[in-house]
Structure formats: C-alpha cells, structure tokens
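Read the structure below first, then the notes.
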Amino acid sequence: MSESTDTAWGVVNDIQRMCVNDGPGFRSTVFLKGCLLDCRWCHNPEGKRRFPEVIPYVSNCKVCGECLPACPTGALSTNGGGLPKISRALCSDCMQCAAACRHEALVVWGRVMSADDVLSEVMKDKAFYKTSGGGLTVSGGEPMAQPAFVAALMRGAKADPDPNERIHTALDTCGHAAWADYERVLDFVDLVLLDIKHMDPSAHKAYTGRDNTLILDNARKMAARGMKMRLRVPVIPKVNDTEANFTATARFAAELGEAVTGLDLLPYHPYAGGKYRAFGMEYEFPAGEGYDDEMLTPIINLFLDYVPEVTVGG
Ligand code: SF4
Ligand code: SF4
C-alpha cells in the first residue's frame, strides 16, 4: 500500500462510538493499526503491527488442534499445553487459521477500510457531535503510522461546503512522526492529543525505543502554528512517576503557552498483564499496582500550577 499520496484506504483496528475520553463531547474514535514507538508497558499489543494479523486468544482455545492443518507456511504450532502460537517470521498473514477455528481463539486484528466507509460510520452520530461539541478522533496504535490515510479521514470530516456541517476533529498521537507528515494533516485537525511520556531523552529511548527529540520539536512546531493541544501523560510506576520528571513535563507544557488547553494523566493499569496472557504473550514489563486517588492527587496539583486543567483517564 503506497503512502506517497493521500490514500483513501487504511488499516483500521476498531471504531468505537460514543467515546468521552478522547476529546470534547461524544466522539467516534477510529483506532488505526501500526505504531512508531515500542513502549515497554504497552497496553495494546494488537495495535502495534501495521497490517491485519491473527493473534491467538488462548483464553478461548479448546485445544482441539483443528487449526493446525489450515496453516500453509508452518507458522502455526502449539505450545506444550496445546495452545496455538504463531511464528511471525513464517506467518504470511493469510488468515486461514482464523477461518478454521470455530471457537474465536484465533482473532483477526485489523481490516482494510476506505476513508469513505470509515467516515460513513463516523457520521452516523453526527447529531450527537452537534449537541455535545464532539466529533471524530483518530487514534491508534499510532495513527501517524498511516499519515496519508489520516489526512484522507481528517479532510473528509471537514469536506462539507457548509461550515456548520463539518465535524470537530482530534488527532491522538505520540508525536514521533516526520513534521512533513503532520503538515499534511494538521490543517484539518482542531485538537491534538499529544503524548509526553518522559522528558529525559535517554529514559525515553530506554522505555519506548526512541528518544524524545522529535516529539518535543513537533510539539513546539504545533504550538507555533497555533494548534490547540491537550498533553497526555502516562503515569508509569518506576518509569516516569518522579517529581523531577513531572516538573520537567509541566514546565514544558507551560513553555508551549496557550496552545495547551489541558493535560490528561493516564495511569498505568495492571490489567494489561491479563490481556497479554489472553493473547499467549509474555508481558515483560514489571507489573506494579495501579494508582489510587491519594497517589494521584499530588501529581494533579503539581501540574495544575502550570496548565489550566488536569483530568485523570483522558
Ligand atoms: S485455536 Fe481454535 S482450532 Fe486451534 S486448537 Fe484452539 S480452539 Fe482449536
Ligand atoms: S495467518 Fe496464515 S500463515 Fe499465519 S499462522 Fe495463520 S494460517 Fe499460518
């Protein structure tokens, strides 16, 4: 699939309607497949790869073995307990194993959709967007792994000749994409939800695979072009939850000035480990406990000295 022009096709993992945590009002959030970082605490491993794929959902597996003959490449085998596992090196993403399983234990994640079909789905709730100030949020994975498709979606949401019929748009991004790709998109975006995961470049690289130079540069460029932003700060035990890091993050938010309308804290959830187990995957991140209100209150107060509004959970 070429990304050289604004393609009207992309790989969509899910479209969720009536979301209230991905921007103002009621929203439809379109989750695209693919990611540009590799966060060790990732809660959504099904969003990482760019193309449709089969992921075992071993919790549903009846250990019947009926899927094994369906695989033409030898990628599908079983572990010692008879549960399916897939060699990514051998898998051709043909999806035949998923078709052979009668128990929804081999699940296809991602489907190729046209921008028109996505927008038709999104526009079903247009009346709710109008009354609530909501609209379309494009998220991921990382949506900017498919920048041409994001541009097609955002442009489509703003295409009506009547300004009153255009819908509000938000882009939920990690910030780690080429500025040229953001420039293709931002003319059609009302709000950027921008992740700031760590202010220390070395720690950022250690925990996400990339340092934060490009992310912070893009944030400054967005602010300079007048883009409205909400910063999204994951709160991850023993990774970024120090006063020094949050103070640096808050100062950076203040540096961006009036572009930053608020900040959303996204506390780590221990449930991610269960999801990995259901997928038959190792969750290498040392799962800690979640955060309660008492632990989050000082963090909220710290940020409130620098930004106009702080929420927990987006
Ligand atoms: S994945 Fe499906 S077909 Fe394969 S062993 Fe499990 S239940 Fe049977
Ligand atoms: S998607 Fe195709 S190649 Fe991959 S494990 Fe399933 S049957 Fe085998």
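The values are calculated or read from the model by the stated rules, or taken from the named source; none is laboratory data. In this text the structure is predicted, and so the values were computed from the model without any measurement. We place every Cβ from the backbone using ideal geometry, glycine too, and count neighbours over all the protein chains shown.
Listed conditions (1) in contact with a Gly (Cβ under 7 Å, 6 or more places away or on another chain); (2) within 11 Å of ligand 2 (Cβ to nearest atom) are all met by residue 73, apart from (1).
Residues of segment 59-71 that are within 8 Å of ligand 1 (Cβ to nearest atom) and buried (at least 20 other Cβ atoms within 10 Å of the Cβ): 61, 67. Would you confirm, using the coordinates I've provided, whether residue 171 is buried (at least 19 other Cβ atoms within 10 Å of the Cβ) and within 30 Å of residue 120 (Cα to Cα)? Spelling it out, residue 171 is indeed buried (at least 19 other Cβ atoms within 10 Å of the Cβ) and within 30 Å of residue 120 (Cα to Cα).
Among the criteria (1) assigned to a helix (DSSP H, G or I); (2) of a type in the set (Asp, Glu); (3) within 16 Å of ligand 2 (Cβ to nearest atom), the one residue 66 does not fulfil is (1).
Hey, among the residues in segment 229-243 that are more than 19 Å from the chain's Cα centre (by Cα) and among the charged types (D, E, K, R), which one's modelled with the lowest pLDDT? This residue is 238. Against the conditions (1) outside the structural domain of residue 61 (by TED's automatic domain parsing); (2) more than 30 Å from residue 179 (Cβ to Cβ); (3) in contact with a strand residue (DSSP E or B) (Cβ under 8 Å, 6 or more places away or on another chain), residue 132 satisfies every one except (3).
Pick out the one residue from 295, 281 that is part of a loop (DSSP other than H, G, I, E, B) and in the same structural domain as residue 191 (by TED's automatic domain parsing). So that I can check it myself, show each step before the final result.
On the way: 295 fails: part of a loop (DSSP other than H, G, I, E, B).
Matching residue, one of 295, 281: 281.
Checked against (1) touching a Ser or Thr at 6+ places or on another chain (Cβ under 8 Å); (2) surrounded by 24 or more Cβ atoms within 10 Å (Cβ to Cβ); (3) not β-branched (Val, Ile, Thr), residue 145 meets all criteria but (1). Against the condition among the hydrophobic types (A, V, I, L, M, F, W, C), assigned by TED's automatic domain parsing to the domain that holds residue 216 and closer than 18 Å to residue 44 by Cα, how does residue 260 come out, does it pass? So residue 260 does not fit the description; no.
Scanning segment 124-141 for residues that are crowded, with 21+ Cβ neighbours inside 10 Å and either over 30 Å from residue 38 (Cβ atoms) or touching a Lys or Arg at 6+ places or on another chain (Cβ under 9 Å) (or both) yields a count of 7.
Name the residues in segment 85-99 that are near ligand 2 (Cβ under 8 Å from one of its atoms) and either outside any loop (DSSP other than H, G, I, E, B) or in contact with a helix residue (DSSP H, G or I) (Cβ under 6 Å, 6 or more places away or on another chain) (or both), would you? Of everything in segment 85-99, those that are near ligand 2 (Cβ under 8 Å from one of its atoms) and either outside any loop (DSSP other than H, G, I, E, B) or in contact with a helix residue (DSSP H, G or I) (Cβ under 6 Å, 6 or more places away or on another chain) (or both) turn out to be 86, 96, 97, 98. Does residue 195 satisfy being surrounded by 20 or more Cβ atoms within 10 Å (Cβ to Cβ), at pLDDT 95 or above and either at positive phi or of a type in the set (D, E, K, R) (or both)? For residue 195, the condition - surrounded by 20 or more Cβ atoms within 10 Å (Cβ to Cβ), at pLDDT 95 or above and either at positive phi or of a type in the set (D, E, K, R) (or both) - is met.
Here 50, 111 are screened, and the one residue that is touching a Gly at 6+ places or on another chain (Cβ under 8 Å) and farther than 30 Å from residue 311 by Cβ is 50.
Residue check: residue 81 meets all listed conditions (1) more than 16 Å from ligand 2 (Cβ to nearest atom); (2) within 25 Å of the chain's Cα centre (by Cα) but one, namely (2).
Given the structure, is residue 254 crowded, with 18+ Cβ neighbours inside 10 Å and within 21 Å of residue 175 (Cβ to Cβ)?
No; evaluated as a whole, the condition is false for this residue.
Within segment 103-125, residues that are away from ligand 1 (no atom under 16 Å from the Cβ) have Cβ atoms under 6 Å from residues that are among the polar types (S, T, N, Q) and not in a loop (DSSP other than H, G, I, E, B) in these pairs: 110/13; 122/28; 125/28, counting only partners at least 6 apart in sequence or on another chain. Consider residue 54 carefully, then state whether it is surrounded by 14 or more Cβ atoms within 10 Å (Cβ to Cβ), among the aliphatic types (A, V, I, L, M) and more than 10 Å from ligand 2 (Cβ to nearest atom). For residue 54, the condition - surrounded by 14 or more Cβ atoms within 10 Å (Cβ to Cβ), among the aliphatic types (A, V, I, L, M) and more than 10 Å from ligand 2 (Cβ to nearest atom) - is not met. Do we have any residue at all in segment 103-119 that's touching a Cys at 6+ places or on another chain (Cβ under 9 Å) and within 8 Å of ligand 2 (Cβ to nearest atom)? Looking for residues that are touching a Cys at 6+ places or on another chain (Cβ under 9 Å) and within 8 Å of ligand 2 (Cβ to nearest atom), one finds at least one in segment 103-119, hence yes. Could you list all residues from segment 23-48 that are buried (at least 22 other Cβ atoms within 10 Å of the Cβ) and among the charged types (D, E, K, R)? Correct list: 27, 33.
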